[in-house]
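Contents: one structure, followed by commentary.
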Amino acid sequence: MEQFKGQPRLPKFAVPKRYDIRLKPDLISCKFSGSVSIDVDVVADTRFIVLNVANLFVNTSSISFTSRTSSKVFQPSKVEIFEDDEILVLEFAKSLPIGEGVLAIEFEGILNDKMKGFYKSTYEHNGEKRNMAVTQFEPADARKCFPCWDEPACKATFKITLDVLSDLVALSNMPVIEEKVDGQIKTVSYQESPIMSTYLVAIVVGLFDYVEDHTPDGVKVRVYCQVGKADQGKFALHIAVQTLELYKEYFSMPYSLPKLDMVAIPDFAFGAMENYGLVTYRETALLYDDLHSAAANKQRVAIVVTHELAHQWFGNLVTMDWWTNLWLNEGFATWVSYLATDSLFPKWKIWTQFLDESSEGLRLDGLEGSHPIEVEVKHASEIQEIFDAISYKKGASVIRMLQSYLGAECFQVGNLEQLSYSTTISIEHAFSNAKTEDLWAALEEGSGEPVTRLMNSWTKQKGFPVISVKVIDQKLELEQSHFLSSGSQGDGKWIVPITLCCGSYDDRKSFLLETQSVTLDLTTGTRDSWIKLNVDQTGFYRVKYDEDLASRLRYAIENKYLSATDRFGLLDDSFALCMARQESLISLLTLLAAYWDEHDYIVLSNLITISYKLERIVADAIPELLDFTKQFFISLFQSSAESLGWQPKAGESHLDAMLRGEVLTALAVFGHDPTLDEASRRFYVFLNDRNTPLLPPDLRKAAYVAVMQRTSALERSGYESLLRVYRESDLSQEKMRVLGALAACPDPNIIFEVLNFLLSPEVRSQDAVFGVSVSKEGRETAWTWMKENWEYISDTWGSGHLITRFINAIVSPFASIEKAEEIEEFFESRPKPSMARTLKQSIERVQINARWVQSVQTEDHLAEAVKKLATVY
Ligand code: BES
Ligand code: ZN
């Protein structure tokens with residue numbers, strides 16, 4: 001039996017075809033019992049059956065295998081569970097007959113509190129605490145609910161039956177076909193599912209209300225919410241119905257199940273999960289309250305719903321072959337969610353906001369500790385870590401790059417062929433799921449372009465290029481090199497789809513850069529003729545311009561010749577180059593000054609993010625310049641703050657509503673007194689009347705941050721009032737707004753209290769991780785606090801991905817080599833495989849910051865430049 005240990009994948013002596021699962025969850029004792037009969041096909045001469053199981057008590061004497069051909073019953077001679085490998089090995093005395101048979105197993109388990117497998121979530125109903133039972137199986141936790149072949153390619157059909165208390169709502173992937181009540185218990189049976197992967201199986205049992213609608217094709221769509229809050233589901237319901245129609249067109253294939261349920265779960269590890277026909281969500285990602293949700297909350301709901309519904313085709317119908325191809329699932333769903341959201345809400349200009357995704361992808365991929373999009377996965381424990389910005393954001397960005405290179409139509413046709421091709425395959429032979437190569441091959445055929453070669457350079461190696469652009473003898477020279485934030489040079493090479501414009505958006509060139517460098521014959525004349533590469537920022541690379549070209553671009557920004565997306569790109573690239581010490585801080589700040597009259601949401605919000613980071617670097621490097629720097633930032637944001645004003649304007653745009661909140665938050669963070677005064681005035685009105693028009697949801701984050709800015713150990717009343725808002729609200733989005741602001745306090749004593757509050761029973765463990773981003777003054781306190789509480793933190797969040805947020809938020813802000821060493825040392829004796837990669841990346845960020853600080857300290861004329869900027873603007 002030992003031969004089965006330590007293998008990344010199950011042996012396929014026998015493969016599952018159909019699961020008949022019966023589960024009886026007890027929501028009071030938090031236990032469940034179950035049985036499963038699995039139709040399997042024995043395909044090889046074997047005495048063994050190996051399948052996955054974890055954290056279940058398997059009743060070994062219940063296990064039997066009944067051959068369909070001979071009706072003979074076989075009992076295993078030996079049963080063993082290997083806990084590390086999460087497998088159950090059954091050994092039989094004789095070889096099993098080739099062909100079909102039924103494997104039956106009984107088992108018991110516990111509804112855990114770790115938000116994975118079959119778990120409990122808690123809520124209040126009529127003032128009483130209640131439990132609900134929920135499943136979260138992706139990537140590899142179906143095995144914690146029933147024994148199974150828990151790999152995405154092992155597709156089968158599922159017939160589920162639940163025994164639950166008769167007053168509860170019990171949901172699964174498929175519609176109910178029968179409900180039998182026997183005393184207090186009802187037995188609910190669901191229609192058999194189509195062929196699908198185990199990670200998409202789902203069950204939810206609890207008390208809910210719902211709203212319902214249907215598509216023109218008669219697909220019944222429901223949103224399930226807390227009892228009494230069904231209205232909050234209406235917005236998501238509306239989006240879901242429209243999105244199903246949209247995708248039916250886009251994928252040329254209707255939604256494949258008779259119903260779609262979407263449920264808000266109070267304790268949820270991720271944003272949402274695309275279970276086939278039963279999508280589960282964190283409350284903040286599904287519910288929308290007309291009075292208390294902000295524009296940003298609305299947008300989040302739209303993006304998440306469209307993302308999960310994209311998976312109903314891409315992921316659920318056509319499934320990745322193995323986790324190495326996860327990015328195809330997530331990258332594509334992310335990309336399509338923007339497509340759908342853009343079509344539903346064109347005024348949101350959501351594609352410009354896609355740049356935030358690319359920018360985050362670039363930020364992570366600029367680290368030496370990054371990884372290729374397609375990454376080898378050798379053990380189940382490694383799967384979780386690849387649900388990161390590389391799979392999602394770089395994945396979506398390279399799809400967008402390809403799409404913009406091939407053209408929208410070509411892309412859709414190619415994708416379609418791919419989709420139907422793999423579906424047929426996976427129905428006929430259960431093991432042939434989608435692979436990245438299949439997609440490229442289909443697109444290559446459709447377009448006649450070298451798609452495979454092009455895309456391999458982006459998915460099989462980590463990192464991305466920076467294109468250096470120079471004017472030499474009236475010629476334009478382009479050269480690619482591997483960009484690293486550390487300032488070193490990597491050895492990657494890419495096939496880069498280059499686009500460029502000279503002086504006007506009508507004059508656009510595009511070609512593939514396949515070599516190290518290329519020289520272009522261009523007339524690069526006067527000051528007006530700016531040259532911008534990566535037009536509209538559809539390419540996943542950065543661009544570095546020579547002095548002359550950079551100054552022409554600054555001029556173009558000041559004179560508003562450039563699109564918002566290009567203004568975003570110049571800023572983002574310049575910041576990254578500065579951090580990598582390839583550009584001086586003076587030059588970055590001079591560029592920022594060109595944005596003095598910026599009013600576009602996406603550009604300003606990136607400018608704000610960058611200003612927060614620069615504030616920290618200046619505080620570390622040259623504290624005597626901190627006040628000047630803040631002054632400079634305040635003046636940069638003031639013109640848009642003034643034109644937006646505090647009070648929302650009737651009929652104003654979604655983007656203006658979001659921008660107002662961000663700009664005012666920035667002014668509060670930089671200590672702008674008039675903003676702090678006004679915020680505080682409005683906050684106290686709000687405290688007495690939560691529905692006051694003086695503090696609409698879009699303004700609240702700014703007001704909360706302002707209140708915390710003025711809080712100290714001696715002046716605690718603002719902080720305590722905010723805790724009251726937290727306690728008195730029963731809307732998760734409101735609670736998150738408060739949590740996100742609490743640590744924005746300059747007093748370390750308060751920070752310490754806030755951090756302890758996050759660990760208290762008042763904060764759900766799903767939410768605590770969003771409160772740990774502390775003010776720059778609280779950095780050391782947070783680190784000390786984390787060390788002191790490490791055991792608890794590691795026990796509570798250590799097995800999931802949420803722990804990576806703790807590490808990233810608390811470790812990354814440091815900026816000295818000594819600190820990097822101290823952090824490394826602390827974790828050396830406390831290794832955790834689930835966060836190994838994040839830890840390495842965070843430490844690398846500290847080292848990058850440290851070198852950046854050193855280089856800023858030695859920069860000539862910096863003080864004069866900063867003082868000048870602070871007074872001129
Ligand atoms: N399939 C994921 C959920 C998931 C993530 C399962 C990680 C297992 C591990 C789902 O489709 C998803 O991507 N959710 C995102 C939201 C989305 C809008 C980017 C999430 O949960 O953050
Ligand atoms: Zn997803």
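Rundown of residues vs (1) touching a strand residue (DSSP E or B) at 6+ places or on another chain (Cβ under 8 Å); (2) modelled with pLDDT under 95; (3) within 16 Å of ligand 2 (Cβ to nearest atom), yes/no style:
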residue: W351; (1), (2), (3): no, no, no
residue: S370; (1), (2), (3): no, no, no
residue: E376; (1), (2), (3): no, yes, no
residue: F387; (1), (2), (3): no, yes, yes
residue: A396; (1), (2), (3): no, no, yes
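Annotation: K378 fulfils all but one of (1) over 21 Å from D573 (Cβ atoms); (2) part of a helix (DSSP H, G or I); (3) open to solvent by 20 Å² or more (accessible area, probe 1.4 Å); the unmet one is (2). Do we find that R222 is open to solvent by 10 Å² or more (accessible area, probe 1.4 Å), within 16 Å of ligand 2 (Cβ to nearest atom), outside any loop (DSSP other than H, G, I, E, B) and not aliphatic (A, V, I, L, M) in this structure? Criteria not met by R222.
Just to be sure I understand, how many residues within segment 780-804 are assigned to a loop (DSSP other than H, G, I, E, B) and either charged (D, E, K, R) or closer than 21 Å to P748 by Cβ (or both)?
Let us first name the residues in segment 780-804 that are assigned to a loop (DSSP other than H, G, I, E, B), namely 789, 798-802.
Keeping just the survivors that are either charged (D, E, K, R) or closer than 21 Å to P748 by Cβ (or both) gives 789.
Residues that pass the stated criteria total 1.
When restricted to residues that are farther than 15 Å from Y392 by Cα and either more than 16 Å from ligand 2 (Cβ to nearest atom) or in a loop (DSSP other than H, G, I, E, B) (or both), segment 291-320 contains 12.
Being within 12 Å of ligand 2 (Cβ to nearest atom), open to solvent by 10 Å² or more (accessible area, probe 1.4 Å) and over 17 Å from R737 (Cβ atoms) is the filter here; which residues of segment 258-290 pass it? Hits for segment 258-290 are F270, A272.
Can you find a residue in segment 722-745 that is of a type in the set (D, E), part of a helix (DSSP H, G or I) and surrounded by fewer than 16 Cβ atoms within 10 Å (Cβ to Cβ)? Yes, some residue in segment 722-745 is of a type in the set (D, E), part of a helix (DSSP H, G or I) and surrounded by fewer than 16 Cβ atoms within 10 Å (Cβ to Cβ).
For segment 226-282, the candidate set comprises residues that are of a type outside the set (A, V, I, L, M), out of contact with any Phe, Trp or Tyr (no Cβ under 8 Å at 6 or more places or on another chain) and assigned to a helix (DSSP H, G or I); within that set, the residue that is farthest from ligand 1 (Cβ to nearest atom) is D231.
Looking only at segment 215-257, count every residue that is farther than 23 Å from V318 by Cβ and aromatic (F, W, Y) and tell me the total. Summing the residues that are farther than 23 Å from V318 by Cβ and aromatic (F, W, Y) in segment 215-257 gives 2. Sub-6 Å Cβ pairs linking a first residue in segment 478-496 that is farther than 20 Å from Q847 by Cβ to a second residue that is open to solvent by 20 Å² or more (accessible area, probe 1.4 Å) and assigned to a strand (DSSP E or B), at least 6 apart or interchain, are L478/V518; E479/S468; E479/S517; I495/L512, ordered by first then second residue. Cβ-Cβ contacts under 7 Å between residues 6 or more apart (or on different chains), taken from a first residue in segment 735-760 that is more than 28 Å from D698 (Cβ to Cβ) to a second residue that is open to solvent by 20 Å² or more (accessible area, probe 1.4 Å) and part of a loop (DSSP other than H, G, I, E, B), are listed as N749/A713; L759/N789. Condition check: surrounded by fewer than 17 Cβ atoms within 10 Å (Cβ to Cβ), over 17 Å from Q733 (Cα atoms), at pLDDT 95 or above and basic (K, R). Does K234 satisfy that? For K234, the condition - surrounded by fewer than 17 Cβ atoms within 10 Å (Cβ to Cβ), over 17 Å from Q733 (Cα atoms), at pLDDT 95 or above and basic (K, R) - is not met.
Could you say which residue among N325, N297 is more than 13 Å from ligand 1 (Cβ to nearest atom) and at pLDDT 95 or above? Spell out the reasoning first.
Values: N325 fails: at pLDDT 95 or above.
Of N325, N297, the one residue that is more than 13 Å from ligand 1 (Cβ to nearest atom) and at pLDDT 95 or above is N297.
Figure legend. Inter-residue proximity from segment 839-866: first residues closer than 16 Å to K613 by Cα and in a helix (DSSP H, G or I), second residues open to solvent by 40 Å² or more (accessible area, probe 1.4 Å) and of a type in the set (G, A, S), beta-carbon distance below 9 Å, spacing 6+ or different chains. Indicated pairs: S855/S584; V856/S584. Checking the stated criteria, Q403 turns out not to satisfy the condition of being part of a helix (DSSP H, G or I), modelled with pLDDT under 95, polar (S, T, N, Q) and within 13 Å of ligand 1 (Cβ to nearest atom). If you check T157 against the conditions, is it surrounded by fewer than 18 Cβ atoms within 10 Å (Cβ to Cβ), on the phi < 0 side of the Ramachandran plot, in contact (Cβ under 8 Å) with a residue 40 or more places away in the chain and not in a loop (DSSP other than H, G, I, E, B)? Yes.
The values are calculated or read from the model by the stated rules, or taken from the named source; none is laboratory data. Just so it is clear, the structure is predicted and the values come from calculations on it, not from any experiment. All Cβ positions, even for glycine, are placed from backbone atoms using ideal geometry, and neighbour counts span all protein chains on display. Note: areas computed on protein heavy atoms with side chains; ligands, DNA, RNA excluded. Shrake-Rupley method; radii C 1.70, N 1.55, O 1.52, S 1.80 Å.
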